[in-house]
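The values are calculated or read from the model by the stated rules, or taken from the named source; none is laboratory data. Everything quoted here is computed from the prediction, not taken from an experiment. Cβ: placed from backbone, ideal geometry, glycine included. Neighbour counts: every protein chain shown.
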Amino acid sequence: AEVTPVPMALHLDHATNMDFIRRALKEGFTSIMIDASDQDFARNVEITNTARALCRKYGASLEAELGHVGGTAGRF
């Protein structure tokens, strides 16, 4: 990416793979949304905490989906 005088964030949305998250952070992403909503709640929290520790290491923000939003894929 080019250097810009305008402050900006680079966000990875609905990431499900920790290796991909790690790579994105190494490449300069500043914000991650971890989506482990397909897991049971306890496992979701465990995965989210792993992502939290990784984001903290890189100074990135983290958003997490800890439950389900109504509806089905592809429908609003």
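Restricting attention to the stretch 46-73 and to residues that are surrounded by 11 or more Cβ atoms within 10 Å (Cβ to Cβ) and charged (D, E, K, R), the residue that is modelled with the lowest pLDDT turns out to be Glu65. Taking the criterion of being surrounded by 10 or more Cβ atoms within 10 Å (Cβ to Cβ), under 12 Å from Cys55 (Cα atoms) and charged (D, E, K, R), the residues of the stretch 1-45 that qualify are Arg22, Arg23.
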